Amino acid sequence: MAGMEDTLQALNDLISQFLCLNRPLWSSSDDADAFLEAVDELTSTIHSLESMSADHILLESFDHLLERCSLRLGEELQHLIDASGFDTNCSYPNTRKSHDDDDDRHTLVAQPVSNFDIIVDALPEGVIFEANRIAKRMVAAGFGDSCAETYASSRLNFIDESIARLGVHAHMAEMFKSASWEELEIQIMCWIPAIRVVFHILIPSERHLCDSIFEGFTSYSDVAFVTACHPFLQLLSFGNFIAAAGKNPECLFRIVDMYDAVRDILPVLDDAFNPEVAALRECLGLSIKAILMALENLVRRDPSESCPLDGGVHPMTRYVMNYLVTACVSRHTLEEVMLLEFGSSDPSGNCPIEPDRPTSSLAIHLAWIVDVLTGNLVSKSKVYSHAPLSCVFLVNNGIYIIKKVNGCELKVLLGEDWIKVIHSKVNQWILEYRRATWGKAIMILEMDKRFCSNVNVITEKLSRFNNFVEAICQVQSRWVLVDKQQGVDFSILVEELVIPAYRDMAEMLKATGSAGESYMRLEDVRSRIQQLFKAMTR
């Protein structure tokens with residue numbers, strides 16, 4: 001063992017010369033090569049001693065010297081990476097300098113990226129080669145974990161700066177927890193492109209770098225990679241924060257955008273981050289479902305006391321239908337969310353499947369929301385003291401719903417049968433209007449056969465009819481029909497009911513030989529009806 005003690009002394013003298021230097025060893029390639037050669041000899045000697053079951057105290061001395069070498073190697077690794085750190089002039093995908101008019105300083109801001117097939121060369125090839133030489137020695141010496149931690153720590157500045165260049169922050173959730181939704185929307189619009197760049201470019205680049213430095217040591221490469229990328233992963237917490245914060249219907253569209261962004265990174269997702277990304281995707285999906293339920297509840301709770309005085313389209317009808325039209329732009333995402341989370345039907349039982357309706361989960365849910373809206377409108381219509389105005393209100397809102405459905409993919413989701421049902425309801429309301437208003441006019445013109453030749457009775461009825469029509473026009477001209485074609489259709493339906501009855505009464509009067517100056521001509525009656533519905537469609 002005396003020979004081994006001499007070897008220990010010789011290696012200690014040699015290595016101490018390097019350990020005592022106050023400059024980086026890798027500033028001189030000769031020093032770096034000589035130091036690594038000495039470390040290799042030390043490691044080989046220790047392995048030989050271990051195989052010979054050498055003296056425990058002597059082996060501890062060798063191990064202590066090796067530990068000192070590993071500490072210095074860690075320092076050299078950190079210095080190598082730090083010295084090759086983030087250069088504001090380095091090539092980085094889609095960045096530009098943003099200048100302040102009152103300041104010469106600038107920041108680098110990420111621009112939208114369309115080509116994600118990029119690997120960022122975060123370290124020069126020569127640095128990667130030298131870092132790999134260091135990693136091999138530290139792993140061989142039993143300090144692989146320390147090497148991985150040192151590497152990750154050294155990458156922190158680069159990764160933090162990378163995140164900052166994308167206009168986001170790893171701790172966005174904490175930074176904006178008290179922000180308004182409008183402020184959060186601005187951050188979401190920064191987060192979405194940032195998360196795509198992070199998972200499509202920066203994380204794959206970091207994986208490539210780790211695999212190069214820790215080539216042949218997969219377990220340490222994985223540790224270094226996951227630890228280094230932790231700030232990237234923290235960006236996901238903002239998505240979870242938004243999913244929890246976005247509870248109102250207006251939040252849906254940005255959360256759908258976030259869901260799309262998360263789904264887009266799945267094909268390139270590193271296995272190490274599968275659980276976190278899957279959890280975020282599920283969280284955003286549940287938030288989308290909850291928002292659609294919130295929309296339904298909003299419609300259901302809307303008070304029935306408020307209705308337009310002229311029977312026009314209710315603000316809630318406009319809001320819900322425009323909302324659903326906009327939502328249908330993301331139809332495929334919404335269908336995916338409903339299918340992934342809730343299968344083919346709503347487990348709450350609130351949206352029963354009807355055999356004559358498309359039965360995808362999304363179709364059922366949206367149809368149910370429109371059905372709730374329609375039922376709410378029927379309740380609101382009872383607020384009107386005039387039954388005809390109630391009918392006009394329902395017709396206006398029903399026609400508005402039909403037009404919105406036919407103008408977008410809601411038509412595909414709800415299906416032709418559903419549209420036929422609401423068309424039928426609208427026609428029923430039109431007939432109810434005609435009966436409630438103009439049916440009374442027909443009753444005035446009804447004639448007992450015993451008085452068919454009585455001029456006074458006939459003229460009195462015609463006079464009452466004329467006054468009734470004038471009263472109708474005076475009141476109903478203040479109402480509104482929101483669809484011009486509907487005004488034409490109303491006019492035709494009313495004429496079909498009124499004109500024949502009025503013609504018969506006029507013929508009776510003529511048969512008596514009376515001039516009949518007290519009643520309107522038939523064309524005047526028709527013109528008065530047409531003028532009324534033109535006024536309603538102003």
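The values are calculated or read from the model by the stated rules, or taken from the named source; none is laboratory data. This is a predicted model, so every value here is computed, not measured. All Cβ positions, glycine included, derive from the backbone under ideal geometry; neighbour counts span all protein chains shown. Side chains are part of the model used for accessible areas, which takes the heavy atoms of the whole protein and leaves out ligands, DNA and RNA. Shrake-Rupley method; radii C 1.70, N 1.55, O 1.52, S 1.80 Å.
So the values come out like this:
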{"read-out": "Span from the segment 391-438 Cα centroid across to the segment 6-59 one, whole angstrom", "value": "89 Å"}
{"read-out": "Chain lengthening between Ala244 and Asn467 when straightened (0.36 nm per residue, less Cα-Cα)", "value": "74.0 nm"}
{"read-out": "Ser51-Val329 pseudo-label distance in nm [points 7 Å out on the Cα-to-Cβ vector]", "value": "7.1 nm"}
{"read-out": "Leading residue at positive end of dipole, the chain (Cβ point charges), from Leu377, Val469, Leu209", "value": "Val469"}
{"read-out": "By accessible area with a 1.4 Å probe, ligands and nucleic acids excluded, highest first: order of Glu130, Glu161", "value": "Glu161, Glu130"}
{"read-out": "Contact order normalised by residue count of the chain, Cα under 8 Å, 6+ apart, percent", "value": "9 percent"}
{"read-out": "Using a Förster distance of 25 Å, the FRET efficiency for Asp13-Asp82 (Cβ separation, nearest 0.05)", "value": "0.25"}
{"read-out": "In segment 407-492, lysine pairs closer than 30 Å at Cα, eight or more apart or cross-chain", "value": "11"}
{"read-out": "Cα lying deepest toward the dipole's positive end in the chain, options Ala131, Ala141, Phe158, charges on Cβ", "value": "Phe158"}
{"read-out": "In Hz, Karplus ³J(HN,Hα) per residue of segment 121-138 (6.51, -1.76, 1.60; θ = phi - 60°; x = Gly, Pro)", "value": "7, 6, 10, x, 4, x, 5, 4, 4, 5, 5, 5, 4, 5, 4, 4, 5, 5"}
{"read-out": "Hits among lysines - C-alpha to C-alpha of Lys177 under 18 Å, sequence gap 8 or more where chains match", "value": "Lys247"}
{"read-out": "For segment 143-291, alpha-carbon Rg relative to the globular expectation (2.2 N^0.38 Å, N residues)", "value": "1.10"}
{"read-out": "Carbon + sulfur, % of accessible area of segment 143-291 - ligands and nucleic acids excluded, 1.4 Å", "value": "54 percent"}
{"read-out": "Simple label model, 7 Å out from Cα along Cβ direction - Glu276 to Met175, nm", "value": "1.7 nm"}
{"read-out": "Taking segment 143-291 and dividing mean pair separation by its residue count, relative contact order in percent (alpha carbons under 8 Å, at least six apart)", "value": "31 percent"}
{"read-out": "Accessible-area value, His423, 1.4 Å probe, nucleic acids and ligands omitted, Å²", "value": "80 Å²"}
{"read-out": "Efficiency of FRET between Arg301 and Asp211 - r from beta-carbon atoms, R0 51 angstrom, step 0.05", "value": "0.35"}
{"read-out": "Burial ranking of peptide ranges 132-144, 261-273, 392-404, 309-321 (average Cβ count within 10 Å, highest at the top)", "value": "392-404, 132-144, 309-321, 261-273"}
